[in-house]
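Peer 1: After the structure tokens below, expect a handful of questions from me.
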Amino acid sequence: MTIWGLLRNLIPFVLPYKWLIIVTVALTFVGSLMAQVNAVVLDRTVDAINALIQAPSFTWAQATRILTVVSIILLGKEVVAAVITFFQRYYGEKMRILVSRDLSVQVVERILSFRMAFFNTGDNETGKLQSRIDRGVMSLSNTVNNFFIEILPLFTSAVLALGLMFMANFYVGLVALCIVPIYFYVTNLQAKRMKGGRRHIFENHQRVSQGILNIIESITVIKSFNREDIEARRQEQVQQDMTDQQMATRRQSYLFNGLKTFLEQIGTVLIIILTAYLVLIDYPGMTIGKIMYHVMLFSNVSAPIRQLHRIYDDMNDALIYAEGFFGILHADHEVEATGQFRPAEVKGCFEMQDVDFTYPNGTKALHSVSMRIEPGKITALVGLSGAGKSTIVNLLDKFYHPQSGSIRLDGMELHEWDTQWLRENIGLVLQKNHIFSGSIEENIRYGNPQATHEDVVRAARQAYIYDQIVALPKGFDSQALELSGGQQQRIAIARMFIKNPPIIFLDEPTASLDAIATEQIKNSIDAIKQGRTVIIISHNIGQIIDADQIYVLERGRVVQSGTPTEVYHQGGLYKEIFDASARSMNADKIAETLQG
Ligand code: ADP
């Protein structure tokens with residue numbers, strides 16, 4: 001991204017705070033005037049004192065008067081400058097905080113509107129996306145802050161100082177002006193040299209945060225395999241790369257800074273020699289005071305240039321981070337597509353015809369899948385792990401779009417459906433990851449934010465979880481994340497009751513739960529199934545044989561379909577799964593035990 005690109009993107013976030021900008025700019029202007037006062041006072045003082053000591057009528061009273069006036073002016077100027085600096089920094093910071101808030105709010109709203117595929121592509125994995133956003137917001141809001149409390153004051157002061165130098169003596173002004181482009185050239189060279197390194201550091205930062213996140217997520221596995229050492233070494237390597245990169249960048253930076261300080265000193269020396277020479281040849285208007293005057297003004301001219309590399313660094317960071325950040329804000333193609341179709345009543349008759357689907361990473365998950373999900377009936381999707389069952393649910397919920405083939409709901413192509421309305425009418429119960437940090441009541445109400453407490457209680461009763469909730473010390477106000485897996489699952493089912501959708505997708509709702517919890521959930525599910533279109537994915541034969549219709553999937557293809565009994569008698573994969581499941585449950589012994 002170029003500086004203009006950055007400004008074009010950032011300005012809309014700053015413009016709403018017009019008044020803050022106007023006040024800050026006005027303060028900046030007054031502050032810059034104040035910055036020149038020292039030079040003017042020194043010029044006058046030196047000349048006045050010089051004249052005084054050379055005059056035959058020298059008196060201490062005159063000297064005291066000069067010193068008193070000088071002290072009052074300088075101290076007064078400091079007080080005004082301090083007040084201005086305070087407000088300048090305060091308003092600059094205020095702007096930074098407000099812009100940072102606006103950027104964060106917009107990016108979150110934006111991300112929420114993105115289609116599912118966005119979150120699955122390499123650059124957007126949780127850690128990377130988070131670091132792109134965090135660093136983007138921080139660096140962009142710092143840019144705004146820097147502009148108002150550093151760049152603008154420094155450059156205004158430099159331009160004013162240069163103007164004063166020209167007004168006092170054209171040649172001295174010209175020398176000062178000629179030195180400026182050399183500084184810019186060197187700084188620009190520095191920035192170019194260091195750009196690659198900084199980009200590298202940025203990428204390494206992403207790798208570090210991703211690595212730490214992975215460690216936290218897999219800590220149990222790491223510990224159980226005693227692989228702490230390997231993980232530590234792996235992180236150490238990333239850190240080492242980053243350290244090397246940082247050191248190389250710093251080395252270059254110090255080298256260039258040294259060069260710039262040297263150039264600045266050359267500038268000062270040139271100004272001293274030139275002004276001294278002009279005084280010696282008695283050039284009109286040139287006095288000893290003017291030597292001081294020009295040296296001090298030149299230090300104001302070169303002040304922003306001294307800071308320029310830092311400003312450049314910050315700007316470069318901002319350019320790198322802005323690319324990632326605004327990339328998110330402007331990813332219009334990532335926004336979830338929606339149609340207009342919003343029928344008053346949704347029956348839940350899905351028809352898939354020759355659907356092919358490949359995930360963004362290239363995994364082909366479905367091959368020419370055709371199936372019909374009858375409204376008001378229970379359809380089970382059966383198959384081994386990775387067969388494509390969850391993918392079908394992902395497509396029916398419009399999280400992803402098929403590459404070819406058609407999916408219809410109640411006779412209308414799914415892409416014609418209003419996405420929000422579609423999801424309003426679908427309830428999704430997943431295996432895990434569906435309970436938020438918050439109270440039980442909040443978690444159930446998530447299904448319908450308008451629901452009353454009575455509705456929440458009713459839903460909890462329907463999901464067979466009410467008694468257990470009220471037995472908790474804080475009842476419905478207890479933390480939902482503190483509940484057991486089975487209880488959380490029933491909270492999710494209660495949420496479905498409160499949402500009351502005509503279509504329900506249950507994706508392995510009882511996986512990894514104990515037998516008692518599974519039975520309780522089966523009761524809850526049996527209750528919620530009534531009069532709805534249900535698709536259930538389960539490895540639990542007990543739940544599958546309750547279905548009206550079964551589709552058996554194998555490696556992304558439908559290989560069998562029919563009622564559970566029909567499909568069983570066809571033989572094939574379903575029979576294999578069924579028999580293996582019965583054997584693994586030791587069904588014969590169970591039957592014997594029950595009879596005995
Ligand atoms: P099932 O639900 O039957 O266990 P899935 O539908 O989850 O199977 O997966 C089908 C195939 O798609 C698998 O090969 C799986 O690795 C792949 N897959 C699932 N989700 C994703 C994803 N988000 N990105 C890429 N590939 C995926």
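Peer 1: Name the residue that is nearest to Phe13 (Cα to Cα), counting only residues in region 69-115 that are part of a helix (DSSP H, G or I) and among the small types (Gly, Ala, Ser).
Peer 2: Step one: of region 69-115, the residues part of a helix (DSSP H, G or I) are 69-112.
Now restrict to residues that are among the small types (Gly, Ala, Ser): 71, 76, 81-82, 92, 100, 104.
Values: Ser71: 44, Gly76: 37, Ala81: 29, Ala82: 29, Gly92: 14, Ser100: 9, Ser104: 11 Å.
Ranking the qualifying residues of region 69-115, first place goes to Ser100.
Peer 1: What are the pairs with Cβ atoms under 7 angstrom where one residue, in region 259-276, is in a helix (DSSP H, G or I) and the other, located anywhere, is of a type in the set (Lys, Arg)? Sequence gap at least six, or different chains.
Peer 2: Cβ pairs passing all conditions: Glu264/Arg306; Thr275/Lys290.
Peer 1: Among the residues of region 166-204 satisfying the criterion of being within 23 Å of Gly285 (Cα to Cα) and among the β-branched types (Val, Ile, Thr), which is surrounded by the most Cβ atoms within 10 Å (Cβ to Cβ)?
Peer 2: The selected residue is Val172.
Peer 1: While we're looking at this one, here's another question. Considering only region 321-338, how many residues are open to solvent by 10 Å² or more (accessible area, probe 1.4 Å) and either not acidic (Asp, Glu) or not in a loop (DSSP other than H, G, I, E, B) (or both)?
Peer 2: Of the residues in region 321-338, 12 are open to solvent by 10 Å² or more (accessible area, probe 1.4 Å) and either not acidic (Asp, Glu) or not in a loop (DSSP other than H, G, I, E, B) (or both).
Peer 1: Take Gln106 and tell me if it is among the polar types (S, T, N, Q) and open to solvent by 40 Å² or more (accessible area, probe 1.4 Å). Outline the logic, then answer.
Peer 2: On the way: among the polar types (S, T, N, Q): yes; open to solvent by 40 Å² or more (accessible area, probe 1.4 Å): yes.
Yes; evaluated as a whole, the condition is true for this residue.
Peer 1: Return the residue satisfying two criteria in turn: it lies in region 508-541 and is among the acidic types (Asp, Glu) and part of a loop (DSSP other than H, G, I, E, B), and of such residues it is surrounded by the fewest Cβ atoms within 10 Å (Cβ to Cβ).
Peer 2: Asp514
Peer 1: On the given criteria, is Ser253 modelled with pLDDT under 85 and more than 30 Å from Ala168 (Cα to Cα)?
Peer 2: Yes.
Peer 1: Let me ask something else about it. Output the number of the condition that Ile3 fails; it satisfies all remaining conditions of (1) more than 30 Å from Gly136 (Cβ to Cβ); (2) at pLDDT below 90.
Peer 2: Every listed condition holds for Ile3 apart from (1).
Residue by residue, here is whether (1) surrounded by fewer than 14 Cβ atoms within 10 Å (Cβ to Cβ); (2) touching a Ser or Thr at 6+ places or on another chain (Cβ under 7 Å); (3) modelled with pLDDT under 95 holds:
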| site | (1), (2), (3) |
| --- | --- |
| Ala547 | no, yes, yes |
| Pro564 | no, no, yes |
| Tyr568 | no, no, yes |
| Phe578 | no, no, yes |
| Ser581 | no, no, yes |
| Ser584 | yes, no, yes |
| Ala587 | yes, no, yes |
| Glu592 | yes, no, yes |
| Gln595 | yes, no, yes |
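Table: residues versus (1) over 30 Å from Leu52 (Cα atoms); (2) of a type in the set (Val, Ile, Thr); (3) assigned by TED's automatic domain parsing to the domain that holds Thr187.
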{"position": "Met247", "(1), (2), (3)": "yes, no, yes"}
{"position": "Arg250", "(1), (2), (3)": "yes, no, yes"}
{"position": "Gly289", "(1), (2), (3)": "no, no, yes"}
{"position": "His294", "(1), (2), (3)": "no, no, yes"}
{"position": "Ile328", "(1), (2), (3)": "yes, yes, yes"}
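Peer 1: For region 140-157, state whether one or more residues are in contact with an Asp or Glu (Cβ under 7 Å, 6 or more places away or on another chain) and within 16 Å of the ligand (Cβ to nearest atom). Steps first, answer last, please.
Peer 2: Here is the first cut: in region 140-157, the ones in contact with an Asp or Glu (Cβ under 7 Å, 6 or more places away or on another chain) are 142-143, 145-146.
Filter once more, keeping what is within 16 Å of the ligand (Cβ to nearest atom): none.
Checked region 140-157: no residue is in contact with an Asp or Glu (Cβ under 7 Å, 6 or more places away or on another chain) and within 16 Å of the ligand (Cβ to nearest atom).
Peer 1: Of all the helices (runs of 4 or more DSSP H) wholly in region 1-68, which have at least 1 residues that are within 23 Å of Met286 (Cα to Cα) and open to solvent by less than 50 Å² (accessible area, probe 1.4 Å)?
Peer 2: The qualifying helices (runs of 4 or more DSSP H) are 18-35, 37-54.
Peer 1: Check off (1) buried (at least 16 other Cβ atoms within 10 Å of the Cβ); (2) under 46 Å from the mean Cα position of the chain (by Cα) for Thr275 and give me the number that stays unchecked.
Peer 2: Only one criterion in (1) buried (at least 16 other Cβ atoms within 10 Å of the Cβ); (2) under 46 Å from the mean Cα position of the chain (by Cα) is unmet by Thr275, namely (2).
Peer 1: Just give me the residues in region 543-564 being out of contact with any helix residue (DSSP H, G or I) (no Cβ under 7 Å at 6 or more places or on another chain) and farther than 18 Å from Met371 by Cα, in sequence order.
Peer 2: Asp546, the sole residue that qualifies.
Peer 1: Now, a different point. In region 56-93, what residues are under 20 Å from Arg44 (Cα atoms), β-branched (Val, Ile, Thr) and modelled with pLDDT of 90 or more?
Peer 2: Within region 56-93, Thr64, Ile66, Thr68, Val69, Val70, Ile72, Ile73 qualify.
Peer 1: Also, quick follow-up: Go through the residues of region 130-144 one by one and say whether even a single one is within 20 Å of Gly31 (Cα to Cα) and in a helix (DSSP H, G or I).
Peer 2: Checked against the condition, which is being within 20 Å of Gly31 (Cα to Cα) and in a helix (DSSP H, G or I), region 130-144 yields at least one hit.
Peer 1: Just wondering, is there one or more residues in region 555-566 that are over 24 Å from Ser390 (Cβ atoms) and assigned by TED's automatic domain parsing to the domain that holds Arg372?
Peer 2: Yes, region 555-566 contains at least one residue that is over 24 Å from Ser390 (Cβ atoms) and assigned by TED's automatic domain parsing to the domain that holds Arg372.
Peer 1: Quick test of your reading of the structure: Thr593 fulfils all but one of (1) over 23 Å from Asp354 (Cα atoms); (2) in a strand (DSSP E or B). Name the failing condition by number.
Peer 2: Thr593 satisfies all of (1) over 23 Å from Asp354 (Cα atoms); (2) in a strand (DSSP E or B) except (2).
Peer 1: Starting from residues that are within 29 Å of the chain's Cα centre (by Cα) and not hydrophobic (A, V, I, L, M, F, W, C), keep the ones in region 442-478 and report whichever is most open to solvent (accessible area, probe 1.4 Å).
Peer 2: Only one residue tops the list, namely Tyr446.
Peer 1: Still on this structure, I have one more. Hey, could you check region 395-414 for residues that are within 11 Å of the ligand (Cβ to nearest atom) and surrounded by fewer than 22 Cβ atoms within 10 Å (Cβ to Cβ) and say which is nearest to Ser113 (Cα to Cα)?
Peer 2: Phe399
Peer 1: Being of a type outside the set (D, E, K, R), under 14 Å from Ala380 (Cβ atoms) and either surrounded by fewer than 21 Cβ atoms within 10 Å (Cβ to Cβ) or within 16 Å of the ligand (Cβ to nearest atom) (or both) is the filter here, so list the residues in region 484-507 that pass it.
Peer 2: Within region 484-507, Phe505, Leu506 meet the criteria.
The values are calculated or read from the model by the stated rules, or taken from the named source; none is laboratory data. Everything numeric here is computed off the predicted structure, so don't read it as measured data. No Cβ is skipped: glycine too gets one built from the backbone with ideal geometry, and neighbour counts run over all protein chains shown. Each accessible area value is taken on the protein alone, full model and side chains, heavy atoms only, with ligands, DNA and RNA left out. Shrake-Rupley method; radii C 1.70, N 1.55, O 1.52, S 1.80 Å.
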